[in-house]
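Any read-out appearing in this document is the output of simple, stated calculations on the displayed coordinates, not a laboratory observation. These numbers were taken from a predicted model, which means no experiment stands behind them. Neighbour counts run over all protein chains shown; Cβ positions are idealised from the backbone, glycine included.
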Amino acid sequence: MQTVVIVIHLMVVVAMILLVLLQKSEGGGLGMGGGGGGFLTSRGTSNVLTRTTAILAAVFFATSLLLSIIASMDRKPRSILQQGGEAPASQQPANPGGIAPGAPGGLLDRLKQGGPGGAPSGGPSAPAAPPAPAEPQVPRSQ
């Protein structure tokens, strides 16, 4: 369905570009005709081009909306803060921080508990940082 709408959309775009280029502008531009006996010289033909351009513009607008609606049908709203089991398996890290994949709560709850980046309660803790020196140290040359 989406491919069909895209093909129609592209055909409308090409037709609209051609029609706009065929119309006579103030300075002559790419408009054909301009003198007596040329192509597209009467007012009736000019009105046909203007109406056809307006119709193609409306079809272009409609196909653009339809394409955006079709593209959003498969998309489901999700929160980056609540990633319980909704994210695809390729995007989920393998058991981060020892927390069960179906654990309740989102990212904020896991961080409060000491989740993936910190030490979970009752789990192994990260090595302690070395104590800060009491006074400034000068590097020793070897």
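Hey, with R₀ at 35 Å, roughly what FRET efficiency would Val138 and Asp109 work out to, going by the Cβ-Cβ distance, to 0.05?
0.15
What does the highest-first list of 3-9, 58-64, 70-76, 129-135 look like by mean Cβ count within 10 Å? Let's see the in-between values first.
On the way: 3-9: 12.4, 58-64: 14.4, 70-76: 8.7, 129-135: 5.7.
Going from most to least packed, we get 58-64, 3-9, 70-76, 129-135.
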